Amino acid sequence: MYKLVVVDLDGTLLNQYGMVTENTKNVVRKTIEKGTDVIIASGRPIDSIQTIAKEIGSQKYFIAGNGALIYDIQKNEIIYNKFLLKEKVLEIIQICEENSISYNVYTDQRILATALKYNVLYYQKENLKKEENKQTKISIIENMYEYVKNKEKENFLKITICDDNQTVFQSIIRKLRKIQGIEVLDVSHMSRKTIKQGTEEITIAYYYTEITVKNVDKWNAIEYLIQKLNIKKEEVMAIGDNVNDKKMIQEAGFGVAMGESTPEVTRNC
């Protein structure tokens, strides 16, 4: 029997509209009742994950920021973290601003955005269907560089870079890879999300990458939990669909790639 099931959110636990179906909730709850811990591992910030964890009955831990932190739900505290230094965040912001490319800064509590575009637009539409205390917190910042520079108490999980032009996107990626001490997620496909505008369904498509501090990924965070829980990697099941899930799917005792996973995952897992 598996002692730990680690599941991604977007494209995995959540459906295309960002919701957990009743059937999925029942499956997760029955799994927990049988003695297997189920935890979420997502790129989202704490508050966004916390509400979903409560919804599915996951009461022990979750992983946020693609492995940048582990949160102890019962103690209401961060027990593991690898945050981006403010100096690195400012360096990345400056490159994005100089090249007029869309980006968002994820802290442990919220998303700092320059505009409601791409993935942030999806989260905003998702928020409209939720009670206020269950929404992903999004703050629109007019001057991101100055805001981050002058912010004293803010933990930076990751930065996402988005653009719908592949040439522009690849150009910025080459510049970002020259920065020391960061991890630039290797994503070459377009992300596609569906939002509802009245009775109409609209697809948002864009290229994106995620930037964290060096050696941050979901599997490294899972390894910390494996040691803490005194279990073996063979007793872990990992379920995901995207490039940031690839390592945990490969390394877990049993890895599951969703049916509509990105090509990079299905080719290598």
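Nothing in this text is a laboratory measurement; each read-out follows from the coordinates by a stated rule. These figures come from a predicted structure and were not determined experimentally. All Cβ positions, glycine included, derive from the backbone under ideal geometry; neighbour counts span all protein chains shown.
Normalising the average separation of contacting C-alpha pairs (under 8 angstrom, six or more residues apart) by the number of residues puts the relative contact order of the chain at 20 percent. In the range 91-137, the inverse of the mean reciprocal separation of distinct Cα atoms equals 11.8 Å; this is its Kirkwood hydrodynamic radius.
With contacts taken as Cα pairs under 8 Å at a separation of at least 6 residues, the range 86-213 carries a relative contact order of 28 percent. The calculated Kirkwood hydrodynamic radius for the range 1-76 is 12.4 Å, given to one decimal from all distinct C-alpha pairs.
Label separation (residue 137 vs residue 79): 2.3 nm, computed from points 7 Å beyond Cα along the C-beta direction. Which pairs break 31 Å Cα to Cα here: 60/196; 137/233; 3/151; 60/149; 25/232? Check vs 31 Å cut-off fails for 60/196; 137/233; 3/151; 60/149.
Taking 24 Å as the limit for the C-alpha separation, the pairs 54/153; 86/218; 54/214; 82/246 exceed it in the case of 54/153; 54/214. Near residue 256, the amide H atoms lying under 5 Å from its own belong to 238, 239, 240; only residues 5 or more places off or on other chains count, and H is placed 1.01 Å from N. The longest stretch of the chain left intact once loop-based GluC sites (Glu not before Pro) with at most 15 other Cβ atoms within 10 Å are removed from consideration, loops following DSSP, is 1-130. Stokes-Einstein D for the chain at 10 °C, 1.306 mPa s, Kirkwood Rh over Cα pairs, in µm²/s? In µm²/s, the coefficient rounds to 84. Sorting the Cα pairs of the range 188-256 by distance into bins of 10 Å, from 0 upward, gives 17, 35, 26, 17, 5 percent per bin. Label-to-label distance for residue 153 and residue 214 is 3.1 nm, based on points extended 7 Å past Cα in the beta-carbon direction. The alpha carbons of the range 86-213 stretch over 46, 35, 22 Å along the principal axes, in descending order.
Computed from the alpha carbon atoms alone, the convex hull of the range 5-137 holds 109 Å³ per residue. In the chain, helical runs assigned H by DSSP with n ≥ 4 each contribute -39500 (n - 2.57); averaged across all residues and rounded to the nearest 500, the mean residue ellipticity at 222 nm is -9500 deg cm²/dmol.
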